[in-house]
1. Taking N as the number of residues in the range 60-136, what value does Rg over Cα atoms divided by 2.2 N^0.38 Å take?
2. With Rg and the Kirkwood Rh both taken from Cα atoms, where does Rg over Rh land for the range 1-108?
3. How much accessible area per residue does the range 33-136 have, in Å², with a 1.4 Å probe?
4. Picking from 190, 211, 164, whose Cα lies most toward the positive end of the charge dipole for the range 98-214 (charges on Cβ: Lys, Arg +1; Asp, Glu -1)?
5. Could you tell me the relative contact order of the range 1-112? Use alpha-carbon pairs under 8 Å, at least six residues apart, and round to a whole percent.
6. Taking the range 37-94, which trypsin sites (Lys or Arg not before Pro) meet the DSSP loop condition and have no more than 16 other C-beta atoms within 10 Å?
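The values are calculated or read from the model by the stated rules, or taken from the named source; none is laboratory data. Note that the structure is predicted; figures quoted are calculated from it, not measured. Please note: Cβ atoms are built from the backbone with ideal geometry, for glycine as well, and neighbour counts cover all protein chains shown. Ligands, DNA and RNA are stripped out before the accessible areas are found, and what is left, the full protein with its side chains, is counted by its heavy atoms. Shrake-Rupley method; radii C 1.70, N 1.55, O 1.52, S 1.80 Å.
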Amino acid sequence: MKDTSEVMSLPETLATRLDDEEAVATVPLGGDDRLVVTPSRTLVYRAEGLLSDESVEEYPHGAERLTVSRGRRKAKLTFDYGLDGERTVSIPAKRLEDALHPVLAGTLSAAGITDPGESALRTFRFSELTLVVTSDRVVKHIGAAVWDDDYEEFHYDDVSDLQFEEGSVATSVVLTVDGRQQRFKAPNEQARAVQETLVDALCDHYDVASLEEFRLAVQPDEEGGEEAPDPTDFGEGPDPLSAEPAEGDDTDDGISVSETGSGTAGVSSPSDAASPASGTESEDGSETARVDAVDDAIDDVLSTAESGDSGAEAGTGTTAGRGAAQEATPDSATHDGTDAGTDAGTDAGTDAGTDAGTDNGFEGTFEPARAADGDFERLLEEVETLRETVERQGERLDQQSQLIEQLIEELRRGR
């Protein structure tokens with residue numbers, strides 16, 4: 001049944017064009033202009049203005065394609081009717097989202113995608129991805145248009161799980177439909193709105209309070225009452241490795257490295273270490289190598305210390321020479337030069353200023369010229385006339401400014 005109060009608030013010209021249909025949504029377009037959506041069509045009402053007379057345009061929802069283009073001030077909705085051509089409606093850009101949702105919902109209903117009584121909850125647009133969340137399904141369309149025949153729909157009766165995977169830029173929405181995962185991404189700025197809308201719609205459809213209850217509701221019952229297998233039970237397998245050696249195994253894993261006569265490191269087993277002659281020779285060679293390395297390190301430290309002392313003595317001599325040169329500079333010469341320059345500059349400036357002030361050629365007092373009484377009265381009259389002219393021009397500018405603002409407002413409304 002049509003809402004009488006809503007119809008009464010519409011302009012008479014627009015109310016008579018509704019016929020017996022109900023106004024599903026009304027979107028203000030600025031001033032008295034408005035867009036009204038009915039189940040079968042979209043009506044755009046334009047009030048009388050400077051650029052056009054009062055008018056009502058109709059756009060049926062039975063379109064094969066719906067395209068949206070948005071500029072800085074204006075947006076356009078284009079209905080493609082196939083062989084019957086295209087029709088475009090211009091609206092303010094800031095009203096696009098408010099108008100697109102009811103128009104797209106009416107288009108889906110006219111195309112038979114949504115059932116009678118099924119309500120469209122929200123519409124999301126992410127670049128070339130359009131999502132329409134209804135009370136019974138999700139309609140997904142990818143492409144330049146917001147809708148055409150190349151669309152996908154996922155009914156909630158076929159959904160067995162809903163998950164969200166957060167990323168650094170976008171959040172992936174994962175719908176499990178008939179055992180297969182359907183993925184699409186939403187920017188993180190709008191991911192929360194998408195998540196809340198989908199979860200609420202899915203829970204309302206199954207009459208549950210949360211996603212956990214939804215998963216329990218759609219989980220298949222276990223047959224025969226058998227206990228579910230433990231995912232951590234891997235069955236019987238080999239015994240774990242033991243850190244202790246087996247009984248009777250007295251093998252020693254120790255390995256010693258020694259130096260041979262040719263300078264190559266050799267690996268000897270415990271049986272080789274039993275020979276006293278080889279062990280003595282190895283120990284003597286290693287001890288000699290260590291002593292030589294220590295002697296070389298001591299020589300390096302001593303040579304470095306001697307070179308550092310030499311550099312320090314040279315630096316001290318240089319500093320001392322610089323200090324002596326500074327002391328040799330006489331302070332009297334500096335002070336004498338400064339005093340002499342200051343006295344000369346002061347005397348010269350004082351004499352020049354005195355001579356210039358005496359010879360400037362002006363003597364006595366200065367008396368300004370006085371205007372006659374008649375000239376003063378004429379000047380007041382001219383100023384008063386000029387004031388009246390400026391006030392008249394200001395009033396005209398105000399009227400022109402109001403007209404320009406009205407024209408701009410009508411142009412923004414898409415006229």
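1. Ratio of Rg to 2.2 N^0.38 Å for the range 60-136: 1.11.
2. 0.95
3. 46
4. Going by the charge dipole, the pick is 190.
5. Dividing the mean separation by the residue count of the range 1-112 yields 19 percent.
6. Passing both the DSSP loop test and the Cβ count: 72, 73.
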